[in-house]
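In what follows, a structure is listed as structure tokens, so that the remarks can point back to it.
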Amino acid sequence: RNCRESLVVLRCVGADQHFQEKVIFPFESWCFDCPTDSRIDVWVHGISGVELLETLPADALRAHEP
């Protein structure tokens with residue numbers, strides 16, 4: 001979920017040339033599939049241009065099934 005009041009760009013980069021990119025609007029939630037060894041980068045538009053806000057391993061964002 002994007003809890004910011006501005007857009008963020010989520011990029012999923014994984015092995016074997018796996019790549020996804022999605023613009024997530026303020027307060028929007030988004031579910032996605034990606035390899036567990038992927039890296040998730042969250043980008044925002046800052047004062048000096050596009051800035052990397054956070055990098056996470058995909059496994060840290062995994063939704064657990066009940």
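All of the numbers you see were taken from the coordinates with simple rules; none came from a lab. Just so we're clear, the structure is a prediction, and the values are computed from it rather than from any experiment. Backbone-built Cβ (ideal geometry, glycine too); neighbour counts: all protein chains shown.
Of all trypsin sites (Lys or Arg not before Pro) in the chain, which ones are in loop regions per DSSP and have a Cβ with at most 16 other Cβ atoms within 10 Å?
For trypsin sites (Lys or Arg not before Pro) across the chain that sit outside H, G, I, E and B with at most 16 neighbouring Cβ atoms in 10 Å, the list reads Arg1, Arg4, Arg62.
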(message) Computed from the coordinates I sent, P(r) over Cα pairs in 10 Å bins from 0, in percent equals one of [x] 21, 52, 25, 3, 0; [y] 24, 61, 15; [z] 17, 40, 23, 13, 6, 1. Tell me the label.
(response) [x]
(message) Can you give me the distance in nm between label points at Glu21 and Leu61, each placed 7 Å from the Cα along the Cα-to-Cβ direction?
(response) 1.5 nm
